[in-house]
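The values are calculated or read from the model by the stated rules, or taken from the named source; none is laboratory data. Worth saying up front: this structure is predicted, and the values here are computed from it rather than measured. Note that each Cβ is placed from the backbone with ideal geometry, even for glycine, and that neighbours are counted across all protein chains shown. Ligands, DNA and RNA are excluded from the accessible area calculation, which covers all protein heavy atoms including side chains. Shrake-Rupley method; radii C 1.70, N 1.55, O 1.52, S 1.80 Å.
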Amino acid sequence: MSDANKIYVMPEENLVEVKGLKTHFFTDEGVVKAVDGVDFVVPRGKTLGIVGESGSGKSITARSIVKLIDRPGRIVDGEVLVRRRDNSIDNVVDLPQNGESIRRLRGREISMIFQEPMASLSPVHKIGRQITEMVQLHMGLDKDAARARAIEMLKRVDMPKATQTVDSYTFELSGGMRQRAMIAMALSCDPNLVIADEPTTALDVTTQATIIDLLMDLQEQMGMSVIFITHDLGVIAEIAESVVVMYLGNVVERADVDSIFHDAKHPYTQALLRSIPKLGLEKTRRLSAIEGMVPHPFRRPRGCPFHDRCRSFMKGVCDELVPPIETIAPGRQVRCLLYSDVDKVRAEQAESARAASAAVEHSEVST
Ligand SMILES: Nc1ncnc2c1ncn2[C@@H]1O[C@H](COP(=O)(O)OP(=O)(O)OP(=O)(O)O)[C@@H](O)[C@H]1O
Ligand code: SF4
Ligand SMILES: [Mg+2]
């Protein structure tokens, strides 16, 4: 865990750096390692796509960035470095859970858009009031300026009849309009980073495409960074510059978008690519299932967590050794034993196991 007095640095072009992040849930049934060693970078003004099947830890990774993790969950290790508006760098992991600093970060610098608009919108207040409260609180605008800002934001998200909709309640809006209202609210304080967690999954295909285009236009106009979480590699191809592929709490591949689509290294990424329905053959572009099932978090397979679904499985290797993440080119990482020196990994893991069992013996003798 990091040190509260430490000074953090990161390259000028980066807005967020996540390093060795582990977020676990301590349930009565056992520990769920929802995020178990995740590293990535979000450059300023760029879009990072996070993709993976259900349960791979995408949402918990996103929520960890703004420390929105409730009990029994806890960030147990790693750093989340965030560049603030004044260019200072904080490690979010060090900030008190509900202190002023993290609240300012969530309100003014990083905002989230969810699949379900009602996760952020209130059913009992008018849309305009919800936006004006945000901008009054975080941007210090007076009442009239805040209302003008609310109308401006609703226009920016192409909300039909913005000057009237500002006085509407959510139940008066369609699904697509609610999604626009949520985006307007999320962007109203001009954040540096927007985390969009499957923002279009619940919408029909045409509205999905419109909302994605809108988000990308706004990103360009406002110069913010975006983390876009999805099951849909097709969407990633359209919007992201870099991609993180997650499986069972780990990043299994990290690369620029072209490398992911033209030269995927990890067998899981390759399986995800095979599962994209061919255009025109399917009504939706959601992932069709890849072979096998994501293991239950309490039944994590020994060795590589993907080994019982992998076409490149190597007996005696993949079911025994845990693949380390390897950097195979600048900005390109893969967690698969096909790209590791297996003898070296075997020797290192045997040594760690020996050291761990010696430590247990030592503690048993001394108690
Ligand atoms: N409050 C909680 N208590 C226990 N386990 C949890 C809790 N929240 C999430 N998890 C577990 O953490 C793991 C990762 O969950 P997460 O929601 O990040 O997955 P995801 O990749 O976002 O999936 P989806 O695509 O379905 O949204 C899952 O195994 C989930 O069951
Ligand atoms: S380590 Fe082995 S099982 Fe895991 S992805 Fe690579 S080849 Fe497949
Ligand atoms: Mg999720």
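Tabulated data for the structure shown
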| quantity | calculated |
| --- | --- |
| Added length on full extension, which subtracts the Cα-Cα distance from 0.36 nm per residue, ARG274 to GLU348 | 23.2 nm |
| Relative contact order [Cα under 8 Å, 6+ residues apart], the chain, whole percent | 17 |
| Isotropic mean projected area of the C-alpha convex hull, region 169-240 (nm²) | 4.8 |
| Qualifying aspartates and glutamates (Cα of each under 18 Å from Cα of LYS344; at least 8 residues distant if same chain) | ASP319, GLU320, GLU326 |
| Descending Cα extents along the principal axes, region 63-178, whole Å | 47, 31, 22 |
| For the chain, average projected area of the Cα convex hull in nm² | 21.3 |
| Euclidean distance between Cα centres, region 246-272 to region 148-166, Å | 39 |
| Restricting region 99-179 to trypsin sites (Lys or Arg not before Pro) in coil, as DSSP defines it, with at most 15 other Cβ within 10 Å | LYS161 |
| Residue with peak Gaussian network fluctuation, the chain [Cα springs, cutoff 10 Å], from VAL342, VAL51, VAL42 | VAL342 |
| 10 °C / 1.306 mPa s Stokes-Einstein diffusion coefficient of region 41-81, Kirkwood radius on C-alpha pairs, µm²/s | 134 |
| Principal-axis tilt of helix 342-366 within the chain, Cα atoms, nearest 10 degrees | 90 |
| Entries of LYS19/LYS67; LYS126/LYS161; LYS22/LYS67; LYS19/LYS58; LYS58/LYS126 with Cα pairs more than 24 Å apart | LYS58/LYS126 |
| Mean-position separation - Cα centroids, region 88-133 and region 172-225, in angstrom | 15 |
| Cα gyration tensor shape of region 197-283, rounded if a/c is under 1.5, else prolate or oblate by comparing a/b with b/c | oblate |
| Local net charge near ALA150, Cβ-Cβ under 12 Å (Lys/Arg +1, Asp/Glu -1) | +3 |
| Top of GLY49, GLY99, GLY223 by mean-square fluctuation, Gaussian network on the chain, Cα under 10 Å | GLY99 |
| Relative contact order computed over region 11-78 (Cα-Cα under 8 Å; 6+ residues apart), in percent | 41 |
| Cross-link partners of LYS143 among aspartates and glutamates (Cα-Cα below 20 Å; sequence separation of 8 or more within a chain) | GLU133, GLU152, ASP167, ASP190 |
| Per residue accessible area in Å² of region 1-112, where ligands, DNA and RNA are left out and the probe is 1.4 Å | 45 |
| Protein-only accessible surface order, largest first, of ARG299, ARG274 at 1.4 Å | ARG299, ARG274 |
| Helical mean residue ellipticity (222 nm; -39500 (n - 2.57) per DSSP H run of 4+; nearest 500) of the chain | -10000 deg cm²/dmol |
| Solvent-accessible area, 1.4 Å probe, carbon plus sulfur percent, for the chain | 52 |
| Crossing angle, helix 175-187 versus the chain [Cα axis fit, 0-90 degrees, rounded to tens] | 80 |
